[in-house]
Each structure stands twice: as C-alpha cells, then as structure tokens.
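Engineer: Below is one structure. I have some questions about it.
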Amino acid sequence: MIDEILDDAKERMGKTLDALQGAFAKIRTGRANPALLDGITVDYYGAPTPLNQVASISVEDARTLVLSPWEKPLLPEIEKAILRSDLGITPIGSGDVVRVPLPPLTEENRRDLAKQARAEAETSRVSIRNIRRDAIADIRDLVKEKMAAEDDARRGEERAQGLTDQHVGDVDKALAAKEAELMEI
C-alpha cells in the first residue's frame, strides 16, 4: 500500500518536471523555437484554437519563425493573436505566410527572462513539496487505520523525502541549464 502511494507520488513529481520543461520551452532565448508560440490561440470560426492546429510552424533561420496557415483567411487572425500575446514580438504578414522575427535579447531582457525561469522553477518545487506532503499524509492515514506498521510508515516517509530531494535536484539542474542558455550571448 505504501509502495502504491510512493509510486503515485513519483509519477506526479515526474509530471511536474515535464510541466516545468514545457514552461521553460515557452521562455524565449536568442534562438527561434516553435514551442515559443505554444500558448497562443487563434479565433477559428468562433472557437479559440491553438496556433499549431491552424498553421504549420517552422524555423526559417536562427531568429525567424515562419507560420503557414492551412487557410489563407486566417493570416490576419494569426497576426492579431501573436500581437495580443505577451511575448513582445511583432509578426510580419507576407503573402501566404506570417514571419515572426525574434529581436536579439538585451541584457535587461535576459535578466527578466531568467527571473521568470526562477519563478517557474520555484512553482515546480512547491508543487513537488505538496506532492510529498500529500503522500506522507496518506501514509500516516494508513497507520491510523492500522493498515501499515509505524516502522514501515517511517521508512515510507523517508523514501518520500528521498523522492522529493531527487526531483527538486532535477528542477535545480533544469533551472541552471535554462539560465545558462538565457545568459549565453
């Protein structure tokens, strides 16, 4: 029973790390990355639709993304959606495609993006600690219901703490890598 609780906690902590990687992909660096546009939705026949479902997104060069919409009337909608996003980039419509040039990052922008990355990492750490708290509470409930011995529960709590330490370490490594990527000129 304790093993099931710990397996669930490990799986949930892994999902938290995956979510952090997704959040880091959306924080732009000096290079063009299609994941940068993942959070943007376009009004497609009255329904908000993710940008990658109405257009193909490709990297033209190191600083330019190219969006080719499936339907030509969507060009102005795509431009409006990108302008409304808080990414600070300006799309350029050119005939059949929308080009999104990424301006070079200034030192101040890099610091702001690193601060944003640290905030995302802290949110992930808090989430991992909450998962640990839930797992330990579940283990203690087993002891109260006489479904597990106190020694087993103590070992389970120590394993939960070990999982937490491991995953928080992974968050710290991912943050260090992202900060290094952001500060690279």
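The values are calculated or read from the model by the stated rules, or taken from the named source; none is laboratory data. The shown structure was predicted, so the numbers you read here are calculated from the model rather than taken from an experiment. All Cβ positions, even for glycine, are placed from backbone atoms using ideal geometry, and neighbour counts span all protein chains on display.
Engineer: Quick one: what pairs do we get from the range 112-123, first residue exposed (fewer than 15 other Cβ atoms within 10 Å of the Cβ), second in a helix (DSSP H, G or I), C-beta under 7 Å, 6+ apart or different chains?
Structural biologist: Partner pairs satisfying both residue conditions: ARG118/LEU175.
Engineer: ILE128: at pLDDT 90 or above, in a helix (DSSP H, G or I) and in contact with a His (Cβ under 8 Å, 6 or more places away or on another chain), yes or no?
Structural biologist: yes
Engineer: Being touching an Asp or Glu at 6+ places or on another chain (Cβ under 7 Å), crowded, with 16+ Cβ neighbours inside 10 Å, modelled with pLDDT under 90 and not basic (Lys, Arg) is the requirement here; does ILE2 meet it?
Structural biologist: Yes: the conditions hold for ILE2.
Engineer: Return only the number of the condition from (1) over 21 Å from GLU107 (Cα atoms); (2) of a type outside the set (Val, Ile, Thr); (3) exposed (fewer than 14 other Cβ atoms within 10 Å of the Cβ) that LEU20 does not satisfy.
Structural biologist: So the condition that LEU20 fails would be (3).
Engineer: Go through the range 25-42 and give me each residue that's of a type in the set (A, V, I, L, M) and either part of a strand (DSSP E or B) or at pLDDT 85 or above (or both).
Structural biologist: ILE40, VAL42
Engineer: Only one residue in ALA176, ALA149, ALA137, ALA153 is touching a helix residue (DSSP H, G or I) at 6+ places or on another chain (Cβ under 9 Å), surrounded by fewer than 13 Cβ atoms within 10 Å (Cβ to Cβ) and more than 30 Å from PRO48 (Cβ to Cβ). Which one?
Structural biologist: ALA149
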